[in-house]
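Visitor: If you scroll down you'll find the structure; I have some questions about it.
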Amino acid sequence: MTNTFFNEDIDRRGTSSLKWDKYKEQDILPMWVADMDFQSPPEVVAALYDRVSHGVFGYTTPPESLEQIVVERLNNLYDWPIEQEWLDWLPGLVCALNISVRTCAKEGEFAAVPCPVYYPFLTAPGLGNRQMMQIFWNKTNNGSWELDWDWLEQNINKDTKIFMLCNPQNPNGRVLTREELERLEQFCKKHQLVVCSDEVHCDLILDRDSCHIPYATISDYARDNSITLMSPSKTFNLAGLGCAYAVIPNPELRKRFRRTRKGIVPDPDNMIFGFAAAEAAYRNGEPWRQSLLEHLRSNHEYLMEQINNIPGLTMTPHQATYLAWIECKLPEIKNAQLFFEEHGVGLSAGAPFGDPNYVRLNFGCTRKQLEEAVRRMKTAVSKLT
Ligand SMILES: Cc1ncc(COP(=O)(O)O)c(C=O)c1O
């Protein structure tokens, strides 16, 4: 796979794309929701053609061969020897966040949620009549982010039952170190918390000095008290195909998770195309993923330099993901998302993630589009003075 692959202009207009249809017939570059503007690996496209040509699309089961490759992959990439029966397939991960909260906390009890975070983490407790114990990510003086451990210790209460971790973190791009994960495990053990660890961005590590460590591998306690959420959808750009999984080693917790989802979240019997795509991606998509990472690293580097040269905007280095979390400190701007949208760049607003002083920019796009977005943002800010 060459650089040209990820720099090819692919017209997504008129394809019912959530990302592109938002600005249909408007000159606004969509840089918001988390899907990328690239074609999936050719092997995935071929596997889908192959499945389509069979012509019969009845109910399905998760293919044995797919489960085996997931088991092998987690062992090879993340040193995590899982068993096949720990897997539970889902049409997406947002529902899994909600199922996890409802499985582990009763009505009125608390879920601890570090913030800012991908907004379905923040809505999950309330949607299930559970309460949210908000914790904070603080920006340090050296421009990184760390969890406010003191606040966590001081505010934990006996009704808190689950810790909702997002690692790699969306939106600040942090990849937790082993030290941080061990500290979290100690804390959770002391307070008897289950961790729901959303690791959907784990294959997208940009920083060469960081590596992804699944929380469940930290200790026996972590393994037996965790629900890990993963999926090929971010890595291989398959979000519209609906194929994700939870890894739940503890049989009792797995049983409760399955009971909570039963009859509400579809059984994985309608995921024919998701399964076909996932298997092809995991089996044959590694060279594509490596090339993707190069493209994203280059976009990230370019964006860091450009954004930090725009007065009032700051971006700290992201260790992972293709989503940049940008602070906007310009007194003239009341709503940064609206401001940049009016100047032709469609970003995600920071408020739903928990911080209105930020916007989130998706750099999973061609360099040409990223350069044009930066140009528009610069021009917009320069007009303020
Ligand atoms: C951390 C995280 N979890 C879950 C999702 C959504 O997953 P799904 O589309 O499988 O529901 C996203 C999408 O951006 C995400 O960033």
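The values are calculated or read from the model by the stated rules, or taken from the named source; none is laboratory data. The structure presented is a predicted model; accordingly, all values stated were derived computationally and were not measured. Here the Cβ is made from the backbone with ideal geometry for all residues, glycine too, and neighbour counts use every protein chain on show. Side chains are part of the model used for accessible areas, which takes the heavy atoms of the whole protein and leaves out ligands, DNA and RNA. Shrake-Rupley method; radii C 1.70, N 1.55, O 1.52, S 1.80 Å.
Visitor: Given a Förster radius of 45 Å and the C-beta distance between residue 367 and residue 153 as r, what FRET efficiency does 1/(1 + (r/R0)^6) yield to the nearest 0.05? Please report the intermediate quantities before stating the final value.
Guide: Details: r = 44 Å, r/R0 = 0.99.
Taking R0 as 45 Å, the efficiency between residue 367 and residue 153 is 0.50.
Visitor: Among 226-237, 267-278, what's the highest-first ranking by average C-beta atoms within 10 angstrom per residue?
Guide: On the way: 226-237: 25.8, 267-278: 21.3.
Those peptides, ordered most packed to least, come out 226-237, 267-278.
Visitor: Decide, for the stretch 1-111, between rounded, prolate and oblate: order the square roots of the alpha carbon gyration tensor eigenvalues as a ≥ b ≥ c, take rounded if a/c falls under 1.5, and otherwise choose prolate if a/b is larger than b/c, else oblate.
Guide: Numbers: a/c = 1.82, a/b = 1.26, b/c = 1.44.
Oblate is the answer for the stretch 1-111, as a/c is 1.5 or above yet b/c matches or exceeds a/b.
Visitor: For the chain, what does -39500 (n - 2.57) per DSSP helix run (n ≥ 4), summed and divided by total residues, give at 222 nm, in deg cm²/dmol to the nearest 500?
Guide: Per the formula, -11500 deg cm²/dmol.
Visitor: Another question about this same structure. Once you have the Cα-Cα distance between residue 76 and residue 335, take 0.36 nm times their residue separation minus that, and quote the gain in nm to one decimal. Before the final figure, lay out the partial values.
Guide: On the way: separation 259, 0.36 × 259 = 93.24 nm, distance 4.47 nm.
Result for the pair: 88.8 nm of gain on full extension.
Visitor: To continue, here is another question. For the chain, calculate the relative contact order in percent as a whole number, restricting contacts to Cα pairs under 8 Å that are 6 or more residues apart.
Guide: Details: 693 pairs, mean separation 90.8, N = 385.
Reported relative contact order: 24 percent.
Visitor: Let me check something: with ligands and nucleic acids excluded, how do 130, 375, 258 order by accessible area (1.4 Å probe), largest to smallest?
Guide: On the way: 130 35, 375 130, 258 95 Å².
Correct descending sequence by accessible area is 375, 258, 130.
Visitor: Rank by packing, highest mean first: peptides 17-28, 290-301, 107-118, with packing defined as the count of other Cβ atoms within 10 Å averaged across residues.
Guide: Working: 17-28: 14.2, 290-301: 17.8, 107-118: 21.0.
Put in order of decreasing packing, that is 107-118, 290-301, 17-28.
Visitor: Excluding ligands, DNA and RNA, what is the solvent-accessible area per residue of the stretch 69-198 at a probe of 1.4 Å, expressed in Å²? Before the final figure, lay out the partial values.
Guide: Working: 5400 Å² over 130 residues.
On a per-residue basis, 42 Å².
Visitor: How much of residue 213 can a 1.4 Å solvent probe reach, expressed as accessible area in Å² and rounded to 10?
Guide: Around 20 Å² of this residue is reachable by solvent.
Visitor: So who's got an amide H within less than 5 Å of the one on residue 110, skipping anything under 5 residues away but keeping other chains? H placed 1.01 Å off N, in plane.
Guide: 131, 160, 161
Visitor: Using only alpha carbon positions, build the gyration tensor of the stretch 123-165, then give the equivalent ellipsoid semi-axes as the square roots of 5 times its eigenvalues, largest first, whole angstrom. Display every interim value, and only then the final one.
Guide: Values: eigenvalues 115, 34, 9 Å².
Square roots of five times the eigenvalues give 24, 13, 7 Å.
Visitor: Now for a separate question. Under the rule of at least 5 residues apart or a separate chain, name every residue whose amide H is placed under 5 Å from the amide H of residue 145.
Guide: Those lying under 5 Å, H to H, from residue 145 are 140.
Visitor: Can you give me the long-range amide H partners of residue 270? Hydrogens built in the peptide plane at 1.01 Å from N, cutoff under 5 Å, separation of 5 or more residues or another chain.
Guide: Excluding prolines and chain starts, which carry no amide H, the hits are 60.
Visitor: Compute the distribution of all C-alpha to C-alpha distances in the stretch 57-284, in bins of 10 Å from 0, and list the percent of pairs in each, rounded to whole numbers.
Guide: Per 10 Å bin, starting at 0, the Cα pair percentages come out as 8, 34, 38, 17, 3, 0.
Visitor: Beyond 27 Å, what share of the Cα-Cα pairs of the chain is found? Please give it as a whole percent. All intermediate terms of the calculation are to be shown ahead of the outcome.
Guide: Working: 36452 of 73920 pairs.
So the pairs more than 27 Å apart make up 49 percent of the total in the chain.
Visitor: Can you quote the Å³ per residue value for the convex hull of the Cα atoms in the stretch 158-297, rounded to an integer?
Guide: Details: hull volume 18.8 nm³, N = 140.
About 134 Å³ per residue, rounded to a whole number.
Visitor: Find the centroid of the Cα atoms in the stretch 179-241 and in the stretch 353-367, then give the distance between the two in whole Å.
Guide: 22
Visitor: Could you state the orientation-averaged shadow area of the convex hull built on the Cα atoms of the stretch 60-133, in nm² to one decimal?
Guide: 6.4
Visitor: Still on this structure, please answer the following. When ligands, DNA and RNA are left out and all protein chains stay put, how many square angstrom of accessible area per residue does the stretch 230-385 have with a 1.4 Å probe? Mind dumping the intermediate values first?
Guide: Numbers: 6230 Å² over 156 residues.
Roughly 40 Å² per residue, with all protein chains present.
Visitor: Among the aspartates and glutamates, which fall within straight-line cross-link reach of residue 234, defined as a Cα-Cα distance under 13 Å, with same-chain neighbours fewer than 8 residues apart omitted?
Guide: Cα-Cα hits under 13 Å: 35, 37, 198, 199, 203.
Visitor: Rounded if a/c is under 1.5, else prolate if a/b beats b/c, else oblate: with a ≥ b ≥ c from the C-alpha gyration tensor eigenvalues square-rooted, which is the stretch 231-385? Mind dumping the intermediate values first?
Guide: Values: a/c = 2.75, a/b = 1.83, b/c = 1.50.
Prolate shape, in that a/c is at least 1.5 and a/b is the bigger ratio.
Visitor: Can you give me the % of accessible surface on the chain that is carbon or sulfur? Probe 1.4 Å, all protein chains present, nothing else counted.
Guide: On the way: 8270 of 16930 Å².
Within the chain, the accessible surface is 49 percent carbon and sulfur.
Visitor: Quote the FRET efficiency, to the nearest 0.05, computed for residue 258 versus residue 65 with a Förster distance R0 of 25 Å and r equal to the Cβ-Cβ distance. Write out the running numbers ahead of the final one.
Guide: Values: r = 23 Å, r/R0 = 0.91.
About 0.65, to the nearest 0.05.
Visitor: Across the stretch 342-357, in residue order, what do the Karplus-derived ³J(HN,Hα) couplings come to in whole Hz, using 6.51 cos²θ - 1.76 cosθ + 1.60 with θ = phi - 60° and x for Gly and Pro?
Guide: 5, 9, x, 10, x, 9, 8, 6, x, 3, x, 7, x, 8, x, 7
Visitor: Just to check I understand the Karplus step: with θ = phi - 60° and J = 6.51 cos²θ - 1.76 cosθ + 1.60, what whole-Hz values come out for the stretch 269-286, glycine and proline as x?
Guide: Couplings: 9, 10, 10, 3, 6, x, 5, 4, 5, 4, 5, 5, 5, 5, 7, 10, x, 4 Hz.
Visitor: Using 22 Å as the Cα-Cα cut-off, could you pick out the over-long pairs in 106/255; 106/190; 19/262; 158/189; 22/383; 329/383? Could you put the intermediate results ahead of the total?
Guide: Values: 106/255 16 Å; 106/190 20 Å; 19/262 31 Å; 158/189 13 Å; 22/383 26 Å; 329/383 15 Å.
19/262; 22/383, as the Cα separations exceed 22 Å there.
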